[in-house]
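The values are calculated or read from the model by the stated rules, or taken from the named source; none is laboratory data. Model, not experiment: these values are computed from the prediction. Using ideal geometry, Cβ is built from the backbone for each residue, glycine included, and neighbour counts are taken over all protein chains shown. For the accessible areas, the whole protein counts, side chains as well, though only heavy atoms, and no ligand, DNA or RNA atoms are used. Shrake-Rupley method; radii C 1.70, N 1.55, O 1.52, S 1.80 Å.
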Amino acid sequence: MGGPPLVGWLVVLLGAATGISCLLRSRRACALTSGERRVARAEGIKGLGMALMAVPASALDQRPWGPPLFTVVFGGMTLWSLSLLIREHHPAHHVHLAVGSAAMVYMAVAMGLAPSGAGMTSMGDMGGMAGGSIGVPFLTGLLLVYFGLYAVWAALRMLPAVGAEPVGSSAVGAGASAGVGAGVASGVPGAVLRAPELAAACRVSLGIGMFAMLLTM
């Protein structure tokens, strides 16, 4: 891949693209429900946080301000996600958001506690400490397994079922006479942002990004 710095920049690009697309989806005109908008905003913040955390230290030294900032932001997101378990009816997804936010806190704390001579001034220093690893190996391993399996599962869910009708084809056929004008008015970008496939792709990207960042530990 051309060396560790390039890997870090790839994670930056992945997180930034995912975060921006999620925040665009969180607009009232693009999401169907307020719950979807909240989830899209949370995923957008997570994606942008991943992008910032992965910037190599040669371009941006994140100590000492980075670890406290990430800890506060994603600690708050963890508590917010857990609170949604009580208020809403899709607990599995809110648990995933909470796990992802808590994993960001874990990486931020590990980055902050790394010795100053270890070279771990950002998660973009894709190599961790010169003399070993940072964090708790068992916990890091569990998170690696979780996000690796989640990315694969989310990707498999995007595949069409054998013999299934293509997504959206029935809606297009049913609304051909009445919905063409509305579709033209909304424009292609708006239709893309509203597509459920984009939400699924964002979750795959976030899972891959988390997996890549955890590998640095």
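Observations on the structure shown:
- Subset of region 86-101 (residues that are open to solvent by less than 60 Å² (accessible area, probe 1.4 Å), part of a helix (DSSP H, G or I) and modelled with pLDDT under 85): HIS93, HIS94
- Between MET77, MET104, MET111, MET53, the distinction of being open to solvent by less than 10 Å² (accessible area, probe 1.4 Å) and within 25 Å of ARG27 (Cβ to Cβ) belongs to MET104 only.
A quick yes/no check of all residues on (1) within 15 Å of GLY100 (Cβ to Cβ); (2) open to solvent by less than 20 Å² (accessible area, probe 1.4 Å); (3) of a type outside the set (Ser, Thr, Tyr):
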{"residue": "LEU23", "(1), (2), (3)": "no, no, yes"}
{"residue": "SER26", "(1), (2), (3)": "no, yes, no"}
{"residue": "ARG38", "(1), (2), (3)": "yes, no, yes"}
{"residue": "ALA42", "(1), (2), (3)": "yes, yes, yes"}
{"residue": "ILE45", "(1), (2), (3)": "yes, no, yes"}
{"residue": "TRP65", "(1), (2), (3)": "no, no, yes"}
{"residue": "PRO68", "(1), (2), (3)": "no, no, yes"}
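- Candidate set from region 181-217 (those that are over 12 Å from ALA155 (Cβ atoms) and polar (S, T, N, Q)); member that is modelled with the lowest pLDDT: SER186
- Selection status of VAL11, assigned to a helix (DSSP H, G or I), surrounded by fewer than 20 Cβ atoms within 10 Å (Cβ to Cβ), among the β-branched types (Val, Ile, Thr) and at pLDDT 85 or above: no
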